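Read-outs throughout are calculated quantities, based only on the coordinates presented, and are distinct from any laboratory measurement. Source: prediction; values computed, not measured. Cβ coordinates were reconstructed from backbone atoms using ideal geometry, including for glycine residues, and neighbour counts include every protein chain displayed.
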Amino acid sequence: MKSGAALVLALAAGATAYNNGLGTVPPLGWSSWCVQDVTCGLVDTCTESEIHSVVDAMVLQQMPGLGYKYVFLDDCWASTERDANGNIQPDASQFPSGIPSLREYVDKAEMELGLYTCAGPTTCRWNRTGSGGHYVADALTFAKWQIDFVKADNCHHPHEPPPVYYGNLSHALNISGRAMSFNLCEWGEDAVWTWGTSIAQSFRVGPDHLPVWSFPALQQERRLWQSQLEGLPVSALQAAHPSLSARDLAAEEAKRAERLAWDARMRAAGRKGGLSASLASLERRYAAGLGQGTSDIIEHMAVVANSTSAYGKADPDFAETMLWFLTPFTDSQTEWSFWCLWGGNLLMATDTRWMSAEKSSIVLNAEAINVHQDPTAPPGSRRSIAANKVQLWARDMSNSDVTVILFNPTETNQTAAMQWSDVGISGTPAAVRDLWQHANLQPNMAGFARELEPHQVAMLRLSR
């Protein structure tokens, strides 16, 4: 294991992508964040019986056959206390049969189980047990339970540069004896897109995705859930915790000094052009906010989507597809289109049971999912913005097809138009497939044009 300083230097020098044999196929699955649509984010709990019913619904709708691989428990499963041997454990009132039993149930459905943890000693919600101080022990427990996906949140994190503590957790998972897909959830702070691929199979590039179209960034300096002691001088720690030894205080002071030095380097990089002006601006905006809407994520990913690698995917956060009236059909269809085009994490975080026909038409769209699951295609990128603000995005697929999104971000109807040469196709495509209408369109020498409603997309797959 590298020391903290050595790891930071290695990352700055451009370390190679982290590869444990996983990560080439983008993660596709379901997240428990909204086990029940009516309580999403308000009552963050999940139970064994609920997860069973979600898995049953996914099987009934043949979702594993579409590529859905992970059933992921977010910040809802762990007990607030470790067991007598110091091991992380589930809340017995929610999971009386234990995690291995649940994993077996998911396995029988031909999917894999993922679990949430935190870089700090407690999680972001309800002070459940996090992995801070227990990285190796918890990694061994996850391996013993045969977990396949681990997300590590950033609450109550150590006072060290993020590449250090996330690097330590990554190393613990990597020596556990089981390959696990590691999702680094650092909220998009510290320009994670410049170093995340060296540590994890996927990394969050921004704060939480809220079930809204747009959410203005909040300008407070700290998130509400951060430790009350963070940022206080070490003397305040000593006053609050008299039992801390002089050695512990010195270690804490050294960690904070290293973290402050890291922060200073990041700020200097933004000022001096080490990061582009747009990256520095986005970092300031999103690091201060509590969340972002779908349109905010689209703008953010226009800058950072290309930070992905063959083994490390940029994670725009879970999809809030068709959540009450907050994410209506058009907004949800647009959300799903972009998440597929980017080829990063795509974890559906709304209920799979009792889905409406509209919701089913989105999350069961095999043609869009096929775009997402391409293991070697680079992420989709924004190619142009027209005078009427309509955006053109494209992704070069591994079979030489091109997937295109024409997107109207405005609040009025707009005409979206493109020429085939705009996405690198000479002449006329051999075939034009509308991925939402599920129809073959007649290629036109002049290109393609369609009127789009507010927030609407046209998603096409072009064959050469």
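At-a-glance table
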| quantity | calculated |
| --- | --- |
| Debye equation applied to the C-alpha atoms of the range 425-464, log10 I(q)/I(0) at 0.22, 0.33 Å⁻¹ | -0.73, -1.23 |
| Computed Kirkwood radius, in angstrom, where 1/r is averaged over Cα pairs of the range 381-463 | 12.8 Å |
| Cα-projected label distance for Thr24 with Leu441, points at 7 Å along beta-carbon direction, nm | 3.3 nm |
| Residues Tyr166, Tyr68 arranged by fewest to most Cβ contacts within 10 Å | Tyr68, Tyr166 |
| Using a Förster distance of 25 Å, the FRET efficiency for Ser360-Glu110 (Cβ separation, nearest 0.05) | 0.80 |
| Alpha carbon Rg of the range 85-165, scaled by the compact-globule rule 2.2 N^0.38 Å | 1.14 |
| Fewest-first ranking of Leu347, Leu210, using other Cβ atoms within 10 Å as the exposure measure | Leu210, Leu347 |
| Percent of Cα-Cα distances greater than 13 Å, calculated over the range 391-435 | 61 percent |
| The range 143-195: mean projected area of Cα convex hull, nm² | 3.9 nm² |
| At R0 = 25 Å, FRET efficiency that the Cβ-Cβ distance of Gln36 and Ser101 yields, to 0.05 | 0.70 |
| Shape parameters for the range 302-455, alpha-carbon atoms, Rg then Dmax in Å | 15.5, 46 |
| Exposure proxy order (Cβ contacts within 10 Å, fewest to most) of Val164, Val192 | Val164, Val192 |
| In nm, spacing of pseudo-spin labels at Ser381 and Asp56 (7 Å Cα→C-beta vector) | 4.8 nm |
| Relative contact order %, the range 381-463, counting alpha carbon pairs below 8 Å whose residues are six or more apart | 33 percent |
| Set of aspartates and glutamates near Lys151 by C-alpha distance (under 13 Å), chain-local residues within fewer than 8 positions excluded | Asp74, Asp75, Asp138, Glu186, Asp315, Asp317 |
